[in-house]
């Protein structure tokens with residue numbers, strides 16, 4: 001079973017940060033306090049939508065057909081995700097990730 005990476009604190013719902021990474025090959029451990037990459041701060045549904053967008057070469061028309069939705073519905077979903085990404089970028093104080 002694949003475990004889903006938790007991104008919010010189960011106690012207070014604050015965004016979690018990465019504090020340790022380890023190499024399974026040589027057991028090297030890197031510790032610190034790092035923000036999650038922006039993509040991982042999105043919901044699983046938003047991540048899946050972006051993956052489908054990429055796999056469909058950016059064709060919202062193709063995605064709408066596959067999803068059984070109208071083009072405007074799919075376009076609105078993309079606009080919502082773009083808005084969320086911009087909010088996260090501004091909240092994190094970063095221009096690029």
**Fill in**
Length gained if residue 50 through residue 23 is fully extended, taking 0.36 nm per residue and subtracting the Cα-Cα distance, is 6.9 nm
**Asked** Contour minus end-to-end for residue 80 and residue 35, with contour as 0.36 nm per residue of separation and end-to-end as the Cα-Cα distance?
**Response** 14.0 nm
**Asked** Given the rule -39500 (n - 2.57) for each run of at least 4 DSSP H residues, summed and divided by the residues of the chain, what is its mean residue ellipticity at 222 nm, to the nearest 500 deg cm²/dmol?
**Response** -14000 deg cm²/dmol
**Message:** Could you work out the relative contact order of the range 38-97? I mean the mean sequence separation of Cα pairs under 8 Å and 6+ apart, divided by the number of residues, in percent.
**Reply:** 30
**Message:** Taking a ≥ b ≥ c as the square roots of the Cα gyration tensor eigenvalues, with a/c under 1.5 meaning rounded and otherwise prolate when a/b beats b/c, else oblate, which class fits the chain?
**Reply:** prolate
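Read-outs throughout are calculated quantities, based only on the coordinates presented, and are distinct from any laboratory measurement. Small disclaimer: the values here were computed from a predicted structure and weren't measured.
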